[in-house]
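Single-structure report; data block below.
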Amino acid sequence: DVTATFTQTGPTMYPLTVTTDGSGSVDKNPDASEYEEGTEVTLTATADEGHRFVQWTGDVPPSSTNSQLVVTMDGAKSIVAEFEEIPGYALDIQVFPTDGSGGTASKSPDQTSYMAGTQVTLTATPEPGYEFNGWTGLIDSSESTVVVTMPAQNSVVLASFVEAEYAVTTQVNG
């Protein structure tokens, strides 16, 4: 006598562990903790504000720097999405005369640092008896209000004011 026993087994399932290093999040599509063998899972990394996606590490191909990654589940996988802070750059406004008697200069938005590519509006306001003479440094302009695009470096602008000159006309009658 020969006896055969058959058991039905389910599909092979593999766990997928995804973590982050830095400030950001990852979406999995489809979203599950375990996947059937052969399933393709799309991972999408999204950086928080002021941060950027750098790379995937762990059970991924080398040089995985695209923020979207498709993983084929052929075994248990552990993957890390790495994020880094985007550096900020200072924009220093200086005024001449340095005692502020000639006028004031402001920036909008008024922040301590800016990401490269941020547009900043500079406004020069002369005091009575003074005229705005121009911007120098990051921008050269005689317009009292200008928009600058922040470069990837700390920058300085100088707002110059000069005493206003008035033309005096005299007429002698006689």
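With both partners inside the chain, how many of the DSSP beta bridges are antiparallel, as a percent to the nearest 5? Write out the running numbers ahead of the final one.
On the way: 41 of 53 bridges.
Within the chain, antiparallel bridges account for around 75 percent of the total.
How long are the semi-axes of the ellipsoid equivalent to the chain, from square roots of 5 times the Cα gyration tensor eigenvalues, in whole Å, largest first? Don't skip to the end; give the middle numbers.
Working: eigenvalues 937, 28, 21 Å².
Those come to 68, 12, 10 Å.
What size of dipole, in debye to the nearest 20, comes out for the chain about its Cα centre when the only charges are +1 on Lys and Arg C-beta atoms and -1 on Asp and Glu C-beta atoms?
Charge dipole of the chain: 300 debye, to the nearest 20.
When the scattering of the stretch 1-96 is computed by the Debye formula from its Cα atoms alone, each counted once and equally, what is log10 I(q)/I(0) at q = 0.13 Å⁻¹?
Log-scaled intensity ratios, in q order: -0.55.
Filter the GluC sites (Glu not before Pro) in the stretch 132-172 down to the DSSP loop ones having no more than 10 other Cβ atoms within 10 Å, then list what survives. All intermediate terms of the calculation are to be shown ahead of the outcome.
On the way: sites: 143, 163, 165; in loops: 143, 165.
Here the sparse-neighbourhood loop sites are 165.
If you line up the Cα atoms of the stretch 58-140 on their principal axes, what length do they span on each, largest first, in Å?
So the extents along the principal axes, rounded to whole Å, are 78, 19, 16.
Could you grab the relative contact order for the chain? Cα pairs under 8 Å, six or more apart, rounded to a whole percent.
Relative contact order, the chain: 18 percent.
Using a 1.4 angstrom probe on heavy atoms only, work out the carbon and sulfur share of the accessible area of the stretch 41-174 in %.
Carbon and sulfur atoms account for 46 percent of the accessible area of the stretch 41-174.
Only sites in a loop by DSSP and with at most 10 other Cβ atoms within 10 Å count here; which GluC sites (Glu not before Pro) in the stretch 37-92 make the cut?
When the GluC sites (Glu not before Pro) of the stretch 37-92 are filtered for loop state and at most 10 Cβ neighbours within 10 Å, 49 remain.
In whole Hz and in residue order, list the ³J(HN,Hα) couplings for the stretch 125-131 that follow from phi through the Karplus curve 6.51 cos²θ - 1.76 cosθ + 1.60, θ = phi - 60°; x for Gly and Pro.
Coupling constants for the stretch 125-131: 10, x, 7, x, x, 10, 10 Hz.
Given an 8 Å cut-off on Cα distances and at least 6 residues of separation, report the relative contact order of the stretch 91-167 as a percent. Walk me through the numbers on the way to the answer.
Details: 164 pairs, mean separation 30.2, N = 77.
With pairs under 8 Å counted, the relative contact order is 39 percent.
Which whole-angstrom value gives the distance between the alpha carbon centres of the stretch 3-71 and the stretch 86-118?
44 Å
In the neighborhood of residue 85, defined by Cβ-to-Cβ distances under 14 Å, what is the net charge if each Lys or Arg adds +1 and each Asp or Glu adds -1?
With Lys, Arg at +1 and Asp, Glu at -1, the neighbours total -4.
The values are calculated or read from the model by the stated rules, or taken from the named source; none is laboratory data. Computed from a predicted model, the values in this text were never measured in an experiment. All Cβ positions, even for glycine, are placed from backbone atoms using ideal geometry, and neighbour counts span all protein chains on display. Just the protein is used for accessible areas: all its heavy atoms, side chains included, with ligands, DNA and RNA removed. Shrake-Rupley method; radii C 1.70, N 1.55, O 1.52, S 1.80 Å.
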